[in-house]
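Participant: I'd like to ask some things about the structure below.
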Amino acid sequence: MKRTVILIITMVLSSVMAWAQNSKNNQPDAIVGVYRVEHGNQLSKVRVYKDRDGSYAAQCIWLRDSIDPKTGKLVTDTKNPDKSLRNTPCNKIIIVQGLKYNKKKCRWEDGKIYDPTRGIKANCQGEFTDDGRLKIRGSLLGIGETVYWTRLK
């Protein structure tokens, strides 16, 4: 009997926690914050903010390997297809732009994500997972990649 009660309480608490995490998907500004991002062999911190037009954007604010070992200088966005942005320091690169909240689908979509390691822009969307991570999905020509961002306090 005691085990059954404990099991029921555990199941209820798990359901409440999952609901609380997914409720972030019902709040457009819940995406705003600072996240830890692991992508390939890179570790970075990204700040998501609300842009002037009401859409959401994300900027890299820290990169683990930010100093070029050959030059001793801050790494820049050398692979950017826009030549005017190739001198942008790695801790200033805008990696997501134009992300809009879709109230019906309870997610953020119609944005563009930029991968500075490859110099590629792709379509992107995002939503929170049950464990509270931000699931960012980028796709280009039917090929996609998903990266999970962990919110920092």
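The values are calculated or read from the model by the stated rules, or taken from the named source; none is laboratory data. Fair warning: this is a prediction, and the values are worked out from it, not measured in the lab. Please note: Cβ atoms are built from the backbone with ideal geometry, for glycine as well, and neighbour counts cover all protein chains shown.
Participant: Please count how many residues of region 86-111 are at pLDDT 95 or above, crowded, with 16+ Cβ neighbours inside 10 Å and not in a strand (DSSP E or B).
Facilitator: 2
Participant: A follow-up question, please. Only one of these conditions is not met by K45: (1) out of contact with any helix residue (DSSP H, G or I) (no Cβ under 7 Å at 6 or more places or on another chain); (2) farther than 21 Å from R137 by Cβ; (3) in a strand (DSSP E or B). Which number is it?
Facilitator: (2)
Participant: In addition: If I filter region 131-146 down to residues being under 15 Å from R36 (Cα atoms) and in contact with a Gly (Cβ under 6 Å, 6 or more places away or on another chain), which single residue comes out as surrounded by the most Cβ atoms within 10 Å (Cβ to Cβ)?
Facilitator: Per the criteria, the residue is I136.
Participant: Suppose we filter region 31-51 for residues that are surrounded by 14 or more Cβ atoms within 10 Å (Cβ to Cβ) and either among the basic types (K, R) or at pLDDT below 95 (or both); how many remain?
Facilitator: The total comes to 6.
Participant: Find all pairs meeting these conditions: Cβ atoms under 6 angstrom apart; at least six residues apart or on different chains; first residue within region 73-85 and under 19 Å from W62 (Cβ atoms); second residue at pLDDT below 95 and hydroxyl-bearing (S, T, Y).
Facilitator: If the second residue must be at pLDDT below 95 and hydroxyl-bearing (S, T, Y), the pairs left are L74/S66; V75/S66.
Participant: Quick check on my filter: what residues within region 51-71 are in a strand (DSSP E or B), farther than 14 Å from R36 by Cβ and under 17 Å from the mean Cα position of the chain (by Cα)?
Facilitator: Those that are in a strand (DSSP E or B), farther than 14 Å from R36 by Cβ and under 17 Å from the mean Cα position of the chain (by Cα): Y56, A57, Q59.
Participant: Do we have N80 as in a loop (DSSP other than H, G, I, E, B) and at pLDDT 95 or above here?
Facilitator: yes
Participant: Yes or no: G54 loosely packed, with under 14 Cβ neighbours inside 10 Å and of a type in the set (G, A, S)?
Facilitator: yes
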